[in-house]
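In what follows, a single structure is set out as structure tokens and then discussed.
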Amino acid sequence: MIVGMGSVKMTERVLITGAAGRIGVILRAGLRGIYPTLRVADQAPLGDAHDGEEICLLDIRDPASALAALKDVDCVVHLAAISDEDHWQRIWETNILGSFHVFEAARINRTRRFVFASSNHVVGFYERTRRLDATVPPRPDSRYGVSKSFGENLGRYYADKHGMSVACLRIGSFR
């Protein structure tokens with residue numbers, strides 16, 4: 001449920017971007033049946049829809065594609081990204097520009113909640129022996145880390161300026 005502004009509304013439709021990826025496949029199975037509608041989106045094939053699912057072709061580099069994918073969505077879990085270090089152009093197009101398109105589509109479509117998959121690479125240049133908390137400044141260790149730091153800051157902006165509920169989750173590893 002979402003609580004705010006004096007009203008309670010059930011979360012009806014959740015979107016997972018990057019649903020064909022390693023984490024997306026597991027999350028898709030785990031969220032199946034929890035919400036009335038689970039919309040799964042990726043540019044890669046997703047197979048057949050299960051009961052309560054909607055399949056959506058999504059290229060986050062295309063603002064129109066992002067806008068269509070977020071139509072009537074209450075919450076988005078944004079996993080779509082280049083998930084490792086890569087050439088700057090690919091990181092820029094997908095992780096930076098693509099994330100902007102998804103945040104902006106969420107704003108336009110009045111999506112209330114946004115979960116951004118970030119990374120420990122945002123703070124990867126701190127000494128491994130140092131205990132970190134959420135208050136340390138970013139120290140990205142790669143172009144990938146820079147892109148995830150950008151996404152976290154974009155989330156802060158959309159929360160502050162547009163009142164969107166944003167959670168940024170720094171994923172350490174996934175096996």
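Filter the stretch 33-65 down to residues that are under 12 Å from the mean Cα position of the chain (by Cα) and among the small types (Gly, Ala, Ser), then give me how many there are.
The qualifying residues number 1.
Could you check, for the stretch 148-169, whether at least one of its residues is part of a loop (DSSP other than H, G, I, E, B), more than 21 Å from ARG22 (Cα to Cα) and either open to solvent by less than 70 Å² (accessible area, probe 1.4 Å) or of a type in the set (Asp, Glu) (or both)?
Yes, the stretch 148-169 has at least one match.
List pairs: first in the stretch 23-34 and touching a residue at least 12 places away in the same chain (Cβ under 8 Å), second aromatic (Phe, Trp, Tyr), Cβ under 7 Å, 6+ apart or cross-chain?
Cβ pairs passing all conditions: ILE23/PHE174.
Are any residues in the stretch 115-135 part of a strand (DSSP E or B) and either of a type in the set (Phe, Trp, Tyr) or open to solvent by 90 Å² or more (accessible area, probe 1.4 Å) (or both), and if so, which ones?
The one that is part of a strand (DSSP E or B) and either of a type in the set (Phe, Trp, Tyr) or open to solvent by 90 Å² or more (accessible area, probe 1.4 Å) (or both): PHE116.
Looking at LYS71 and the list (1) part of a loop (DSSP other than H, G, I, E, B); (2) open to solvent by 60 Å² or more (accessible area, probe 1.4 Å); (3) of a type in the set (D, E, K, R); (4) within 26 Å of SER173 (Cβ to Cβ), which single condition is not satisfied?
(4)
For residues that are among the small types (Gly, Ala, Ser) and over 18 Å from the mean Cα position of the chain (by Cα), scanning just the stretch 1-19, find the one that is modelled with the lowest pLDDT.
Ranking the qualifying residues of the stretch 1-19, first place goes to GLY4.
Return the residues of the stretch 136-147 that are without any contact (Cβ under 8 Å) to a residue 40 or more places away in the chain and not in a helix (DSSP H, G or I); say none if nothing qualifies.
VAL136, PRO137, PRO138, ARG139, PRO140, ASP141
Please tell me if ASP86 is modelled with pLDDT of 95 or more and over 14 Å from ALA20 (Cα atoms).
Taking the combined requirement at face value, the residue does not satisfy it.
Among the residues of the stretch 27-79, how many are over 14 Å from GLU104 (Cα atoms) and among the small types (Gly, Ala, Ser)?
8
Between a first residue in the stretch 117-135 that is without any contact (Cβ under 8 Å) to a residue 40 or more places away in the chain and a second residue that is of a type in the set (D, E, K, R) and not in a loop (DSSP other than H, G, I, E, B), which pairs have beta carbons less than 9 Å apart while being 6 or more apart in sequence or on different chains?
Final answer for the pair search is HIS121/LYS148; HIS121/ARG170; ALA134/ARG170.
Count, please, the residues in the stretch 22-58 that happen to be open to solvent by 30 Å² or more (accessible area, probe 1.4 Å), in contact with a strand residue (DSSP E or B) (Cβ under 9 Å, 6 or more places away or on another chain) and among the acidic types (Asp, Glu).
2
Are any of the residues in the stretch 76-86 open to solvent by less than 60 Å² (accessible area, probe 1.4 Å) and either in a helix (DSSP H, G or I) or touching a Pro at 6+ places or on another chain (Cβ under 7 Å) (or both)?
No.
Residue by residue through the stretch 136-147, note down the ones that are of a type in the set (Lys, Arg) and either touching a His at 6+ places or on another chain (Cβ under 9 Å) or buried (at least 21 other Cβ atoms within 10 Å of the Cβ) (or both).
ARG143
The values are calculated or read from the model by the stated rules, or taken from the named source; none is laboratory data. It should be emphasised that the depicted structure is a prediction, and the values quoted were computed from it without experimental measurement. We place every Cβ from the backbone using ideal geometry, glycine too, and count neighbours over all the protein chains shown. Each accessible area value is taken on the protein alone, full model and side chains, heavy atoms only, with ligands, DNA and RNA left out. Shrake-Rupley method; radii C 1.70, N 1.55, O 1.52, S 1.80 Å.
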